[in-house]
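The values are calculated or read from the model by the stated rules, or taken from the named source; none is laboratory data. Just so we're clear, the structure is a prediction, and the values are computed from it rather than from any experiment. Counting neighbours? That spans all protein chains shown, and the Cβs are built from the backbone with ideal geometry, glycine included. Keep in mind that these areas ignore ligands, DNA and RNA; they rest on the heavy atoms of the full protein, side chains included. Shrake-Rupley method; radii C 1.70, N 1.55, O 1.52, S 1.80 Å.
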Amino acid sequence: MSEKMSRGKIIFLIVFFVAAVFLFIFQRVNWPHMTVELKDQRLNVLVAKNIYQQRKGLGGRDSLAPYDGMLFPYSLLGKPTMVMRDMEFSIDIVWFLDGEVVDFAPQVAIEPDREEYEYTKYYPRTEANLVLELPGGWSDEYDLRIGDKIRIVEE
């Protein structure tokens with residue numbers, strides 16, 4: 001009987017390990033995307049839904065293409081802090097509270113060859129629950145203002 005229990009435990013551990021590896025890989029590979037509208041512009045954006053994706057952000061990419069931006073939804077109110085970790089192009093960072101722009105940082109420059117503690121920290125002046133990263137210069141080109149609203153486009 002104990003041999004059958006040991007075999008069962010080993011099978012359980014193998015299945016658990018395989019499932020954990022699958023979830024680990026799935027979180028890194030599966031980046032959801034959606035369409036949002038801001039300033040009458042439809043934007044196809046990546047969505048950073050989990051902690052890994054939020055930490056990685058746009059770091060390590062040569063450009064945003066084929067997307068127009070990256071969205072960071074947060075379930076709790078706070079002052080989401082963004083850094084230019086491993087970034088290779090400038091961006092605009094826009095913070096929203098319940099779909100309304102509460103702050104933005106235009107033309108945030110890259111910070112190559114920095115240690116983690118050396119990165120400039122960008123955070124909003126007030127609480128937010130959503131962050132959108134756009135190509136550098138987007139907020140100037142489309143005259144983004146505090147109070148502008150973002151809308152999720154149902155397709």
Residue, nearest to Leu132 (Cα to Cα), within the stretch 83-104, restricted to residues that are in contact with a helix residue (DSSP H, G or I) (Cβ under 9 Å, 6 or more places away or on another chain) and open to solvent by 10 Å² or more (accessible area, probe 1.4 Å): Phe104
Number of positions in the stretch 4-56 that are open to solvent by less than 70 Å² (accessible area, probe 1.4 Å) and at pLDDT below 55: 3
Condition met for Glu154 (charged (D, E, K, R) and more than 17 Å from Pro32 (Cα to Cα)): no
Search result, residues across the stretch 129-155 that are open to solvent by 90 Å² or more (accessible area, probe 1.4 Å) and in contact (Cβ under 8 Å) with a residue 24 or more places away in the chain: Asp140, Arg145, Ile146, Lys149, Arg151, Ile152, Glu155
Condition check for Leu71: at pLDDT 95 or above and not in a helix (DSSP H, G or I): yes
Residue match in the stretch 105-128 (condition: closer than 26 Å to Arg145 by Cα, under 13 Å from the mean Cα position of the chain (by Cα) and open to solvent by less than 20 Å² (accessible area, probe 1.4 Å)): no
Elements of type strands (runs of 3 or more DSSP E) contained in the stretch 75-155, each with 2 or more residues being at pLDDT below 95: none
Selected residue [farther than 24 Å from His33 by Cβ and of a type in the set (A, V, I, L, M, F, W, C)] from Leu134, Leu58, Leu130, Leu77: Leu77
